[in-house]
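K.L.:
Structure below; questions to follow.
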Amino acid sequence: MKKNKSIYIETYGCQMNFSDSEIVASILTADGYEITKEIKLADIIFVNTCSIREHAEERVRKRLQFFRSLRKKSPDLVIGLLGCMAERTKVALMEEEQLLDLIAGPDAYRHLPQLLEQVGTGQPAIDTILSVDETYADITPVRLDSNGISSFISIMRGCENYCSYCVVPSARGQERSRNAATIVNETRDLFEKGYREVTLLGQNVNSYQWSAGGETVNFAMLLERVALVNPLMRIRFATSHPKDLSEELLHTLARHPNLCKAIHLPVQSGSNHMLDLMNRKYTREDYLNRIQNIRQILPGCSISTDIIAGFCDETEEDHLETLALMETVGYDAAFMFKYSERPQTLAADTLKDNVPEETKERRLREIIALQQKLSLANNQQEVGKIVEVLIEGKSKRSDSQYFGRTSQNKVVVFTKADSWPGDYIPVKITRTTSATLLGEFANPDMQ
Ligand code: 5AD
Ligand code: SF4
């Protein structure tokens, strides 16, 4: 395939996937391809997919059908599928439905240049082999859709927790951590380019571990090194597994003001019976102890979570325990889902997806309604306070307003002052909704 061709990359799913698309863009631009933001200009379309929930897979299929329809006008258009759906759907999508020319799994991105050369030669352009050591450590991602202020760095890949509902261990393979020095260098490089916030990403960042030259770096140590790059660089991370969140980590967060005071700690359910069936390896009591630790060591830290409604065998009492736990913790935010059975998971093999759809939906609605109430109550406590905001850009609604975030990851919209994206400014919170704080530049001289 000739170079100077344009590639359009569409990404679904989590931040890890967005970060992977940036790695793909880097590998391909180094090989002479160009990245375009316009589908119309594309010679090659890549869809970077997610299989975590059924819904995500359905959306991808619909998109692929649309892309295939574009081939009527441009017969040479190449359509490729990347990411989590690669392994499981390759036979159906490539051979049976003929929707695709190329398939590359999450550990095969270095082979994309060769795979693209193979398209149209009669050799199948497929590589879904998972690796035990690929971390793309040496690749500097090409930042896509970036606001120039906040960015992501993948610090590890894969997962071996085998939560029974989750497709990630089979789709993304064994857990492996990336060389710590490359993470620190990438952070420094981002800072020098003007970025002021970076999120360190992994399925389970708390089990990060990198050994070299007789020295082992754990996640708390890595965070410390990244924090020291520059005090003006804010650091976030996701996702933490409750079983691995150490006190050492909390003390590290307390020591560095630029380590953001926001912890995403997915609970999934408040019922011990569900947690056991989900293979989460902690109890409700263990989880609440962790929360107490956070509250003690990091007062004012925000806590968010993930919750699944209607997992296998979930009774009304189990569900009520989830609602009660949400109240006890008083989450600032939550991602809430209804359970959808995924192939090649422990739950699909050993449990029955036996909660009726209407019940799942009703429980999810109750969870969402409660979270809205909790988010609003938390945000209301901010009204009247002056908070430090990192400005990310213009507000979508009005040119005369900026938006940014607090260390606690709360979105703030406020009237523009004499300041720019990338600046840290004090904002007085005047009003709030359950999703957004509203405020005004607080001129310290006027206080
Ligand atoms: N069904 C519903 N939600 C799921 N998640 C993962 N797998 C499933 C599934 N099969 C949710 C979990 C996880 C988040 C990323 O997605 O809450 O933390
Ligand atoms: Fe999936 Fe559990 Fe690993 Fe998260 S920790 S990716 S939910 S298996």
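K.L.:
Express the accessible area of the chain per residue in Å², computed with a 1.4 Å probe while the remaining protein chains stay in the model.
P.N.:
Accessible area per residue: 45 Å².
K.L.:
Let me ask something else. I need the shape label for the range 311-447. Rule: rounded when a/c is under 1.5, else prolate if a/b > b/c, else oblate, with a, b, c from the alpha carbon gyration tensor.
P.N.:
Values: a/c = 3.54, a/b = 2.48, b/c = 1.43.
Taking the square roots of the gyration eigenvalues as a ≥ b ≥ c, the range 311-447 is prolate.
K.L.:
Any idea what the dipole of the range 26-107 comes to, in debye rounded to 20, about its Cα centre with Lys/Arg Cβ at +1 and Asp/Glu Cβ at -1? Provide the component values of the computation, followed by the final result.
P.N.:
Details: 13 positive and 14 negative charges, 94 e Å.
Rounded to the nearest 20 debye, it is 460 debye.
K.L.:
Right, next: So who's got an amide H within less than 5 Å of the one on Ser154, skipping anything under 5 residues away but keeping other chains? H placed 1.01 Å off N, in plane.
P.N.:
Leu201
K.L.:
Need one word for the range 6-127: rounded, prolate or oblate. Basis is the Cα gyration tensor (sqrt eigenvalues a ≥ b ≥ c); a/c below 1.5 gives rounded, then a/b vs b/c decides.
P.N.:
Rounded shape, in that the Cα axes give a/c under 1.5.
K.L.:
With N residues in the chain, what two-decimal value do you get for its Cα radius of gyration over 2.2 N^0.38 Å? Walk me through the numbers on the way to the answer.
P.N.:
Working: Rg = 22.6 Å, N = 447, 2.2 N^0.38 = 22.4 Å.
Here the answer is 1.01, to two decimals.
K.L.:
Please give the direction-averaged projected area of the C-alpha convex hull for the range 386-441, in square nanometres with one decimal.
P.N.:
On the way: hull surface 13.3 nm².
Dividing the Cα hull surface by four gives the mean projection, 3.3 nm².
K.L.:
Non-local amide H neighbours of Asn409 (under 5 Å, H modeled in plane, Pro and chain starts lacking H): which ones?
P.N.:
Under 5 Å from the amide H of Asn409: no residue qualifies.
K.L.:
Go through Lys360/Lys410; Lys281/Lys410; Lys261/Lys385; Lys373/Lys394; Lys37/Lys193; Lys5/Lys73 and tell me which ones have a Cα-Cα distance over 20 Å in this structure. Numbers along the way, then the final one.
P.N.:
Working: Lys360/Lys410 29 Å; Lys281/Lys410 30 Å; Lys261/Lys385 17 Å; Lys373/Lys394 28 Å; Lys37/Lys193 22 Å; Lys5/Lys73 17 Å.
In this structure, Lys360/Lys410; Lys281/Lys410; Lys373/Lys394; Lys37/Lys193 exceed 20 Å between Cα atoms.
K.L.:
Moving to a separate point now. When the chain is fully extended, how far beyond the present Cα-Cα distance does Ala181 get from His256, taking 0.36 nm per residue of separation? Provide the component values of the computation, followed by the final result.
P.N.:
Details: separation 75, 0.36 × 75 = 27.00 nm, distance 1.95 nm.
Full-extension gain reported as 25.1 nm.
K.L.:
If you don't mind, there's one more thing I want to ask. Counting alpha carbon pairs within less than 8 Å and at least 6 residues apart, what relative contact order, in whole percent, applies to the range 386-441?
P.N.:
On the way: 126 pairs, mean separation 19.8, N = 56.
Relative contact order, the range 386-441: 35 percent.
K.L.:
Apply the Karplus curve 6.51 cos²θ - 1.76 cosθ + 1.60, θ = phi - 60°, to the phi angles in the range 31-48 and return the couplings in whole Hz, x for Gly and Pro.
P.N.:
The phi angles translate into 9, x, 7, 10, 9, 10, 9, 10, 4, 4, 8, 7, 8, 9, 10, 10, 10, 8 Hz.
K.L.:
Using Cα pairs under 8 angstrom and six or more residues apart, how large is the relative contact order of the chain, in percent? Don't skip to the end; give the middle numbers.
P.N.:
Numbers: 882 pairs, mean separation 44.5, N = 447.
This gives 10 percent for the chain.
K.L.:
Can you give the FRET efficiency to the nearest 0.05 for Asn230 and Gln296, using r as the Cβ-Cβ distance and R₀ = 41 Å? Could the numbers behind the result be given before it?
P.N.:
Numbers: r = 29 Å, r/R0 = 0.70.
Plugging the Cβ-Cβ distance into 1/(1 + (r/R0)^6) gives 0.90.
K.L.:
Measure off 7 Å from each Cα along the Cα-to-Cβ vector at Lys373 and Thr216, then give the distance between these two points in nanometres to one decimal.
P.N.:
In this crude spin-label approximation the distance works out to 4.6 nm.
K.L.:
Also, quick follow-up: Thr128's amide H: which non-local residues (gap 5+, or another chain) put their own amide H closer than 5 Å, with H modeled 1.01 Å from N in plane and none for Pro or chain starts?
P.N.:
Under 5 Å from the amide H of Thr128: Gly105.
K.L.:
Which is the longest run of the chain containing none of the GluC sites (Glu not before Pro) found in DSSP loop states (not H, G, I, E, B) with at most 13 other C-beta atoms within 10 Å? If you can, show how the numbers build up before the last one.
P.N.:
Working: sites that count: Glu38, Glu160.
Result for the longest clean stretch: 161-447.
K.L.:
Another question about this same structure. Spelling out what I want: for every residue of the range 158-172, take phi, set θ = phi - 60°, compute 6.51 cos²θ - 1.76 cosθ + 1.60 (Karplus), and round to whole Hz; glycine and proline get x.
P.N.:
x, 7, 10, 7, 6, 4, 5, 8, 9, 8, 4, x, 7, 7, 10
K.L.:
Continuing with the same structure: Just for the Cα atoms in the range 264-386, what are the lengths along the principal axes, largest first, rounded to whole Å?
P.N.:
51, 28, 25
K.L.:
Then there is this: So in the chain, which Cys have no other cysteine's beta-carbon sitting under 4.7 angstrom from theirs?
P.N.:
Here Cys14, Cys50, Cys84, Cys159, Cys260, Cys301, Cys312 come out as lacking a disulfide-compatible partner, given the Cβ-Cβ threshold of under 4.7 Å.
K.L.:
What accessible area, in Å² to the nearest ten, does a 1.4 Å probe give for His273?
P.N.:
90
K.L.:
Shifting gears a bit: Can you compute 3J(HN,Hα) from phi for each residue in the range 80-91, using the Karplus curve 6.51 cos²θ - 1.76 cosθ + 1.60 with θ = phi - 60°, rounded to whole Hz and x for Gly and Pro?
P.N.:
With the stated coefficients, the range 80-91 comes to x, 10, 10, x, 5, 7, 4, 4, 6, 10, 4, 5 Hz.
K.L.:
Quick check: the distance between the Cα centres of the range 1-27 and the range 383-447, to the nearest angstrom?
P.N.:
Their Cα centres are 33 Å away from one another.
K.L.:
Hey, another quick one. Which is the longest run of the chain containing none of the trypsin sites (Lys or Arg not before Pro) found in DSSP loop states (not H, G, I, E, B) with at most 12 other C-beta atoms within 10 Å? The partial results should precede the final answer.
P.N.:
Values: sites that count: Lys2, Lys3, Lys37, Lys72, Lys73, Lys193, Lys352, Lys396, Arg397.
Result for the longest clean stretch: 194-351.
K.L.:
Also: For the chain, give the percent of accessible area contributed by carbon and sulfur heavy atoms, probe 1.4 Å, rounded to a whole number. Before the final figure, lay out each step's value.
P.N.:
Working: 9890 of 19950 Å².
Taking all protein chains in place, the chain shows 50 percent carbon and sulfur surface.
The values are calculated or read from the model by the stated rules, or taken from the named source; none is laboratory data. Remember, predicted model here, so these are calculated numbers, not experimental data. Positions of Cβ are generated from backbone atoms using ideal geometry, with glycine treated the same way; all protein chains shown enter the neighbour counts. In case anyone asks, the SASA skips ligands and DNA or RNA and just uses the protein heavy atoms, side chains included. Shrake-Rupley method; radii C 1.70, N 1.55, O 1.52, S 1.80 Å.
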